[in-house]
Amino acid sequence: MSDRNPIGPQSSQSRPNSHRSVTGHVSRAPTQHHTVRSVRQRREFIEPKPQPISDFIIKKSAVPSSSVPTLTIVKPQPAAVPASQRLQRSNVLQRQFVQPVEPHKIAKLSKKKSKKSRLQVALVAMACIVFVVGLGVSVQTFRTNRTAIAQVSALAKKSDTVQKDPSVPSATKPSTDDIKNYQVAPELARYIKIPKIGVNARVKQVGTTSKGAIDVPNNIHDAAWYTGSAKPGEVGATVLDGHVSGWNTPGVFHDIKTLSAGDTIQIVRGDGVTLNYRVVKSVTYDANKVDMQAAVNPVTPGKIGLNLITCDGQVQTGTNEYTKRVVVFTEKI
């Protein structure tokens, strides 16, 4: 029986390195090429080429999630910067050193405070007194002005306040005893004295006439206080009038037109108190243009004044009236 090669004679020639194994399989003898490749493959396995992490993530993500678990890349967080230490106020109470005050210094401070308190009280009291006095002056001035205004309209129409009454005043001069024994209420004017012109006369009281003019005394040697004006010594103006003359005899106020600023006049009250006044000015008006508002008020508002009124000029023909009026303004000194 001849040996037959199932592969054929060409098989052994074309593959000289192949041999048949015991099991009948053909095994190839390793060549140099195969040896180099297997070594390279082992080297590549041992030393894999570095690949970018992005390629690795892409390749891994392409694998189905059922077979390969998903790789999650956690980026490291930046290190936390430690916060700066917060400054807090200390809760520890601070102690202050208080230097003890000596007893005599405490006494001095107490005295100063006491003096200051008394001074403040005194200032407040003075302010209250000034306020009350000012209020009283204002009330008195208001009352005087109201009375004067009520009469100004009538007096302006008939401003010839002296010798207007048709009855002729007496020209009989009072005796020394008549003057000495003359009495009035304590707060009223008793006498008027004008040293410069030698006047020492009684002061009577008069109101207004039926026509609204200030009345006049019934004797040419007497002066008269207008009861609608302030009493002597009170705030406001005390108004006195008197005759300039009779038919042939000079009257009590005949020469008051010669008085000038600085001359003195005295009023003696019923209680014996003497009030001194100084002349401020003298004004002459036409008989029909007398400023009665000024005549019944003090020349200095708020002060105590004394105003004297009389006639002057020429007697109008057929009457006993004069063409002028003289008003002397004074204030208390």
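Laid out as a table, the results:
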quantity: Segment 297-310 residues that are under 20 Å from Val206 (Cα atoms), paired with ones that are surrounded by 22 or more Cβ atoms within 10 Å (Cβ to Cβ) and of a type in the set (Lys, Arg) (beta carbon under 8 Å, 6 or more apart); calculated: Ile309/Arg325; Thr310/Arg325
quantity: Cβ-Cβ under 7 Å pairs, at least 6 apart or on other chains, segment 249-277 side at positive phi, far side outside any loop (DSSP other than H, G, I, E, B) and not polar (S, T, N, Q); calculated: Gly262/Arg278; Gly262/Val279
quantity: Residue satisfying condition, being among the polar types (S, T, N, Q), modelled with pLDDT of 95 or more and under 25 Å from Asn218 (Cα atoms), within set Asn320, Asn248, Asn307, Asn276; calculated: Asn307
quantity: Residue among Thr317, Thr284, Thr323 that alone is surrounded by fewer than 20 Cβ atoms within 10 Å (Cβ to Cβ) and assigned to a loop (DSSP other than H, G, I, E, B); calculated: Thr317
quantity: Conditions (1) assigned to a strand (DSSP E or B); (2) crowded, with 18+ Cβ neighbours inside 10 Å; number of the one not met by Phe253; calculated: (1)
quantity: Residue match in segment 212-222 (condition: at pLDDT 95 or above, under 22 Å from Pro298 (Cβ atoms) and either surrounded by fewer than 20 Cβ atoms within 10 Å (Cβ to Cβ) or not charged (D, E, K, R) (or both)); calculated: no
quantity: Among (1) without any contact (Cβ under 8 Å) to a residue 24 or more places away in the chain; (2) in contact with a Gly (Cβ under 8 Å, 6 or more places away or on another chain) - the single one Ser245 does not satisfy; calculated: (1)
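The values are calculated or read from the model by the stated rules, or taken from the named source; none is laboratory data. Note that the structure is a prediction, hence the values are computed from the model and not measured. A quick note on method: Cβ atoms are made from the backbone with ideal geometry, for glycine too, and the neighbour counts reach across all protein chains shown.
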